[in-house]
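Notes for the one structure printed next.
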Amino acid sequence: MAEQASGKVSMEKIVSLCQRRGFIFASSEIYGGLSSCWDYGPLGVELKQNVKQAWWRSVVQERDDMVGLDASILMHPQIWAASGHLKQFADPLVECKRCHLRWRADELKDNSCPSCGGEVTEPHLFNLMFKTFMGPVEEEANIVYLRPETAQGMFVNFQNVVNTTRKRLPFGIAQIGKAFRNEITTGNFIFRSREFEQMEIEFFVKPETDEEWFNYWLEERRDWYVNLGIKKENLQLRQHTKGELAHYARKCYDIDYRFPMGWAELEGVANRGDFDLVQHASYSGKSLTYLDEETNEHIVPYIIEPSAGVDRSVLAFLCDAYEEEPDKDEIRVLLHFHPTLAPIKVAVLPLSKREQLVQVAKEVYAELRPCWMVQYDDTQSIGRRYRRQDEIGTPFCVTVDFQSLEDNQVTIRERDSMNQIRLPRAELKRTLAAKLEGEDLFVLPPGGQIWKEGGNG
Ligand code: ATP
């Protein structure tokens, strides 16, 4: 991990906002927490779902050459022998001779303990897979593993997918799901935890086209983050050196994000060659080849794998969206999420708690909530309520005021520009739908106006 930090927002601020506003909590908090596990709160779960949906939409729904899969977490233990995980999925572990804390040897600057400065032991390899037992008897023969990646479920279903979908090369399988790694050192909030979610693609190609598809996916995946609002200057591509390459990879690039603690991996794009299908064919005794109709030959496809972390993406989207702006005597904190990712799309706010206003606002709320996640809020001053919505990244607030009772118009206030537009209620849903899709459309009625918050119309 590089030293250079983004400097824009500290991890403390992100953690505090997430806790305070209900994005992310420490797991099992009332019992003192469980190290490196996290719970997504009411807003966090929406954000995370939106990230996963945006990914699914871009890599499955909008493509002809991709299908989805949801494989089980527990799989045949031989899979981990074939994949190399039983032998190779290990980090070098050292222990401090004085305080007995354990560390990853490759993360230490020298041979001393980062906590107490004591001397550390020689490294030994520590397998990162969580073990458990299948069935009631806890014996060696019943050991199964919690999957440390979703990828293997896609390799072992290759033939099933080919047979049932009649997909021809090149095509891919995409999957989102939990993965578990008994990491030696965790930290940096949800960046590295022991239970996390991945969004992985296994894209099967003719061997001679691997370079072309590798470059395609590297660019495609970087653009996905940029299209959802991540600033280009906070992303970089980094090629793995020969020494760093995993045993299965012919080539690998990390898509790094400039997190508050420095540049670190958000997603990896690897050319896995024919390693996986060859290994599983050999261990299972089943043929995992593909009949190339042009040449009538059986070939083993190469695999290009873009492998992203859901939690790391959530963290990157949070950090990138965080902004503090001077605002009169205060600081306005806002998360300028892309509308697709915003946990709450619209907040409906009556100007006051007067019954007639509340009634209209509740009608508006009822009209909008079948379409989007919408919040209704009638507590405290309107200014405070706007700030609360800014802080959780709600792109639009709809305000109902006394004039609304007479002219049946409401005000939409935009989070980023703080512009306000007044429009007939009948146009509200259509206008919000267009705006949430990124169109700058609104219907200005006769006598309608646009103004800036705090301005006088
Ligand atoms: P690192 O080098 O940071 O340990 P890795 O190279 O082992 O990551 P991969 O095996 O390539 O990671 O996994 C693909 C993606 O899964 C990563 O880019 C990351 O987004 C996510 N990921 C991996 N390990 C974790 C973890 N412990 N916590 C959260 N996300 C993770």
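The values are calculated or read from the model by the stated rules, or taken from the named source; none is laboratory data. Quantities reported herein were computed from a predicted structural model and do not represent experimental measurements. Reconstructed Cβ throughout: ideal geometry from the backbone, glycine too, with neighbour counts over all protein chains shown. Surface accessibility is based on the protein's heavy atoms, side chains included, excluding ligands, DNA and RNA. Shrake-Rupley method; radii C 1.70, N 1.55, O 1.52, S 1.80 Å.
I need the full set of residues from region 209-264 which are within 16 Å of the ligand (Cβ to nearest atom), open to solvent by 20 Å² or more (accessible area, probe 1.4 Å) and β-branched (Val, Ile, Thr), in order please.
Listed by number, the list holds a single entry, Thr241.
Give Pro301, Pro306, Pro326 a once-over and let me know the one that is away from the ligand (no atom under 16 Å from the Cβ) and touching a residue at least 24 places away in the same chain (Cβ under 8 Å).
Values: Pro306 fails: away from the ligand (no atom under 16 Å from the Cβ); Pro326 fails: touching a residue at least 24 places away in the same chain (Cβ under 8 Å).
From the options Pro301, Pro306, Pro326, the qualifying one is Pro301.
Just the residues that are assigned to a loop (DSSP other than H, G, I, E, B) and under 17 Å from Phe402 (Cα atoms), please, taken from region 351-378. It would help to see each step written out before you state the result.
Taking region 351-378 as the starting set, the residues that turn out to be assigned to a loop (DSSP other than H, G, I, E, B) are 351-354, 369-373, 377-378.
Residues satisfying the conditions are Leu351, Ser352, Lys353, Arg354, Asp377, Asp378.
For a quick check of your reading: which strands (runs of 3 or more DSSP E) sit entirely within region 82-199 and have at least 1 residues that are open to solvent by less than 40 Å² (accessible area, probe 1.4 Å), farther than 27 Å from Gly243 by Cβ and touching a Ser or Thr at 6+ places or on another chain (Cβ under 9 Å)?
Details: elements: 90-95, 102-104, 124-127, 131-133, 143-145, 171-180.
Filter on region 82-199 gives 143-145, 171-180.
Residues of region 25-47 being open to solvent by 20 Å² or more (accessible area, probe 1.4 Å) and in a helix (DSSP H, G or I), which ones?
Taking region 25-47 first, the residues open to solvent by 20 Å² or more (accessible area, probe 1.4 Å) are 25-26, 28-35, 37-40, 42, 45-46.
The answer is Glu29, Ile30, Tyr31, Pro42, Val45, Glu46.
Could you check region 303-350 and list, in sequence order, the residues that are out of contact with any helix residue (DSSP H, G or I) (no Cβ under 6 Å at 6 or more places or on another chain), in a loop (DSSP other than H, G, I, E, B) and among the aromatic types (Phe, Trp, Tyr)?
none
Any idea which of (1) touching a residue at least 40 places away in the same chain (Cβ under 8 Å); (2) more than 21 Å from Glu149 (Cα to Cα); (3) out of contact with any Pro (no Cβ under 7 Å at 6 or more places or on another chain) is the one Asp64 doesn't satisfy?
The one condition Asp64 does not meet is (1).
Rundown of residues vs (1) in contact (Cβ under 8 Å) with a residue 24 or more places away in the chain; (2) at positive phi; (3) within 28 Å of the chain's Cα centre (by Cα), yes/no style:
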site	(1), (2), (3)
Asn111	no, no, no
Gly117	no, yes, no
Phe126	yes, no, yes
Gln159	yes, no, no
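Filter region 148-187 for residues that are touching a helix residue (DSSP H, G or I) at 6+ places or on another chain (Cβ under 7 Å) and farther than 13 Å from Phe203 by Cβ and give the result.
Of everything in region 148-187, those that are touching a helix residue (DSSP H, G or I) at 6+ places or on another chain (Cβ under 7 Å) and farther than 13 Å from Phe203 by Cβ turn out to be Pro148, Gln152, Val156, Ile176, Thr185.
In region 373-407, which residues are of a type outside the set (D, E, K, R), in contact with a strand residue (DSSP E or B) (Cβ under 6 Å, 6 or more places away or on another chain) and open to solvent by 30 Å² or more (accessible area, probe 1.4 Å)?
Once the filter is applied, which keeps residues that are of a type outside the set (D, E, K, R), in contact with a strand residue (DSSP E or B) (Cβ under 6 Å, 6 or more places away or on another chain) and open to solvent by 30 Å² or more (accessible area, probe 1.4 Å), region 373-407 yields Gln375, Tyr376.
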